[in-house]
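Comments concern the structure below.
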Amino acid sequence: MLNDDFDLSGPAETGAGPSGSGATPTSRTKSKRLTSDVWQCFDVVEMTLPDGTVGPRAKCKFCPKNYTTTKGGTGHLRRHMQKCMPKHVQKVSNRIERIRDAISWIGSSNPRFQEFGRHCTLNGLRPRRFQTNMPVRWNSTYLMLKNCLEYDTTISGFYNMKLAKSGCPPAQSLTPDDWYVAKIFVEFLQVFYNATVTLSGVYYPTSSQAIHQIVEMSDMLNTYREDHLLGDAVVAMETKFKKYWSEMPFLYALGVIVDPRIKLASLEYLLEFTGNKLSIDYSEQITDIRNKLFEVFSIYERRFGCIHTEPSPEPDRQPLPTSWSILKRRKKDKSASSSSSITRSAASSGAELNRFLEAQFDADENTENFDLLLWWKTYSYRYPVLSHLARDILVIPVSTVSSDQAFSTSGRIIEPRRNCLTPEMVEVLICIRDWEHARKRMQNETVDEQFIQNFSNLYVDEGSASNQVQN
């Protein structure tokens, strides 16, 4: 809940090709930068040409064929990629499953894992275990791959060596392409994982963060829409994404409007940016949001119009959303001034709201640290009615994770070994747990911190943690 002091308490690489692929063409005159996505499937290597000279050639990563790099454009490379990839590139799921099988096999035997630990030490890495993912939880796949990527060479070297000794076919070995696919997959999932964690918080307002996360996800979907690895999956995801967000919830819009760094003009830009990425027309919704904003404010004005408050100390700062960089690029956009005049003409009343929407920022309010709740507490004397609206909006959670976890918690309490608990005792246990977490400020662990630790904190030598960090 949010009290009168605005204190919120808890609830009851854009490179052209893969790194290390050597995909930097060379010539006798100058280096040429690779910008086409086809170079994800080709390596540029020095080869002996038919005339006996040595020069760069584009070698396919999935078959022995190679092509010239001096021919105009990359059309010939793209045509080969479209023919070759369906036959040679396995599905992303198959490559991830191969990595999963490898780390599962390594950890299934204590002697084998001890040998792997010594292998890690020889390679300058800290020995650790790896938790395998659960097919029904996509975030477990993300965490599994994220923790494995640092050990990719070590895992491949140890696993492939053991396969070779046991006489297994080379097709079962881990390849650099497997890890490249895993890296791309982690980069793609990271924005969705960050959105899940951010919007599941309980000690800071999340209603002002929702549209920022939608902007980030729409930009990621647009980036990977034509990716040769994830394109088909992204198209399906985008269809479902547009089903949910083709109509922007009014709560999300209000959460952004009451942010003094964003307000109505920048909200319009964020919606236009998202619409361009996903081919959605938000123009009518922007008009509806503007009208509903003044309608809601008029209700608050009739109720709190006579309230006066005293100024408070200056606010602290908190990190800005990553989508703030999009708004920085818009600073010189002339639409900001025109939108404010449109807003004033949209309603004859609401002088306080108009004053807030047209106010210019101080220099320190655009810093990278900003506490939204404390800002409204500080300036509530300047915007007495709007501060009440902001307080009511910012306290609303946008995620159901907290509510869903309440049911999960009760399920862990009422287990087969404790099936005789009375309803009163279950209520007591749940309340005590929640009160204890509130005392320790641990109610924000709605993403199941223990679940994350199962993937992250699996180092064998906990005593050498400080030495590992220093190294």
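Assorted remarks:
- Some residue of segment 55-78 being of a type in the set (D, E, K, R), within 29 Å of Val136 (Cβ to Cβ) and either part of a strand (DSSP E or B) or at pLDDT below 85 (or both): no
- Scanning segment 258-294 for residues that are assigned to a helix (DSSP H, G or I) and aromatic (Phe, Trp, Tyr) gives Tyr269, Phe273, Phe294.
- In segment 295-314, the residue that is modelled with the lowest pLDDT out of those that are outside any loop (DSSP other than H, G, I, E, B) and open to solvent by less than 60 Å² (accessible area, probe 1.4 Å) is Phe304.
- From Ser104, Ser31, Ser108, residue being among the hydroxyl-bearing types (Ser, Thr, Tyr), modelled with pLDDT under 80 and out of contact with any helix residue (DSSP H, G or I) (no Cβ under 7 Å at 6 or more places or on another chain): Ser31
- Residue in segment 149-165 that is in contact with a strand residue (DSSP E or B) (Cβ under 9 Å, 6 or more places away or on another chain), at pLDDT 90 or above and open to solvent by less than 20 Å² (accessible area, probe 1.4 Å) present: yes
- Segment 162-217, residues that are farther than 19 Å from Thr274 by Cα and of a type in the set (A, V, I, L, M): Leu163, Ala164, Ala171, Leu174, Val181, Ala182, Ile184, Val186, Val197, Val202
- Test: Asp51 is under 30 Å from Trp376 (Cα atoms) and either modelled with pLDDT of 75 or more or not in a helix (DSSP H, G or I) (or both): no
- Selection of segment 240-275 for residues being within 22 Å of the chain's Cα centre (by Cα) and aliphatic (A, V, I, L, M) yields Met248, Leu251, Ala253, Val256, Ile262, Leu267, Leu270, Leu271.
- In segment 182-257, counting only helices (runs of 4 or more DSSP H) that sit wholly within it, the ones holding 3 or more residues that are open to solvent by 40 Å² or more (accessible area, probe 1.4 Å) span 210-224, 231-245.
For (1) exposed (fewer than 12 other Cβ atoms within 10 Å of the Cβ); (2) in a loop (DSSP other than H, G, I, E, B); (3) modelled with pLDDT of 75 or more, each residue gets a yes or a no:
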| residue | (1), (2), (3) |
| --- | --- |
| Trp375 | no, no, yes |
| His388 | no, no, yes |
| Ile396 | no, yes, yes |
| Glu424 | yes, no, yes |
| Asp434 | no, no, yes |
| Ala438 | no, no, yes |
| Phe451 | no, no, no |
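- Single match in Asp281, Asp227, Asp232 (criterion: modelled with pLDDT of 90 or more and either of a type outside the set (A, V, I, L, M, F, W, C) or in contact with a His (Cβ under 6 Å, 6 or more places away or on another chain) (or both)): Asp281
- Among residues of segment 119-142, those that are open to solvent by 60 Å² or more (accessible area, probe 1.4 Å), closer than 19 Å to Leu174 by Cβ and assigned to a helix (DSSP H, G or I), counted: 1
The values are calculated or read from the model by the stated rules, or taken from the named source; none is laboratory data. Note that the structure is a prediction, hence the values are computed from the model and not measured. Positions of Cβ are generated from backbone atoms using ideal geometry, with glycine treated the same way; all protein chains shown enter the neighbour counts. Protein only, heavy atoms only, side chains kept; ligands, DNA and RNA dropped before computing areas. Shrake-Rupley method; radii C 1.70, N 1.55, O 1.52, S 1.80 Å.
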